[in-house]
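Here the structure comes first, spelled out in structure tokens, and everything after it is commentary.
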Amino acid sequence: MPPDARPPWPWSEADYIRLRHILDAAVQIRGFVTGRMRESLQLDDIATLGLVKAVEIIGEAASVLDSSVRDAVPAVPWPQIIAMRHRLVHAYFDIDLDIVWATATKAVPQLERELSNFMNTWAAPTEST
């Protein structure tokens, strides 16, 4: 569908921006994991911290999305995304890197696909003047 034929974004511009933040973090995660093995997290603290932070960003942005936006994308496991953010932030001393790696390599690519497809069905909100 040509961009000009798409219906207008029906939610707030803030929700659109939060979804963009989620997608941006997913792209960053893809960059962190591409060409790496799980074991590399043990050897690269900077990459590990970046990966964990990007997953936290996804969870934080998801937690402040309007519930009607989350409801519009039921294939996304919103409660688990938000719960993982809480776990990473509040139990920072006991992060299971196997779970973070599985999330980054399996769940995040699915999330990126779902949200990209969802957002592509709507015209982006226009900037306020």
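Nothing in this text is a laboratory measurement; each read-out follows from the coordinates by a stated rule. Quantities reported herein were computed from a predicted structural model and do not represent experimental measurements. Every residue, glycine among them, receives a Cβ derived from its backbone with ideal geometry; neighbour counts consider all protein chains shown.
Among 103, 34, 48, which one moves the most in a GNM of the chain with springs linking Cα atoms closer than 10 Å?
Between 103, 34, 48, it is 34 that shows the largest mean-square fluctuation.
Using modelled amide H (1.01 Å from N, peptide plane; none on Pro or chain starts), what sits under 5 Å from the amide H of residue 123, excluding residues fewer than 5 places away?
Hits under the 5 Å cutoff: 9.
Going through the DSSP H helices of the chain, which span 15 Å or more along their own axis at the Cα atoms while scoring at least 0.5 as a mean Kyte-Doolittle hydropathy?
Values: long enough: 13-33 (30 Å, 0.25); 45-64 (29 Å, 1.21); 78-90 (18 Å, -0.05); 108-120 (18 Å, -0.61).
Span-like helices here: 45-64.
Can you list the GluC sites (Glu not before Pro) in region 1-84 that are in a DSSP coil and have 10 or fewer other beta carbons within 10 angstrom?
On the way: sites: 13, 39, 56, 60; in loops: 39.
Hits after loop and neighbour filter: 39.
Using DSSP to define loop residues, name the GluC sites (Glu not before Pro) in region 74-127 whose beta-carbon has at most 12 other beta-carbon atoms within 10 Å. Don't skip to the end; give the middle numbers.
Details: sites: 112, 114, 127; in loops: 127.
The qualifying sites are 127.
For the chain, what does the helix formula give at 222 nm: sum of -39500 (n - 2.57) over DSSP H segments with n ≥ 4, over the residue count, nearest 500 deg cm²/dmol?
Estimated from H runs of four or more residues: -20000 deg cm²/dmol.
Would you mind calculating the relative contact order of the chain from Cα pairs under 8 angstrom and at least 6 residues apart, reporting the percent as a whole number?
Numbers: 107 pairs, mean separation 53.8, N = 129.
Relative CO of the chain lands at 42 percent.
Taking only Cα atoms and a 10 Å spring cutoff, compute GNM fluctuations for the chain and point out the largest among 35, 59, 50.
Evaluated over the chain, the most mobile residue of the options is 35.
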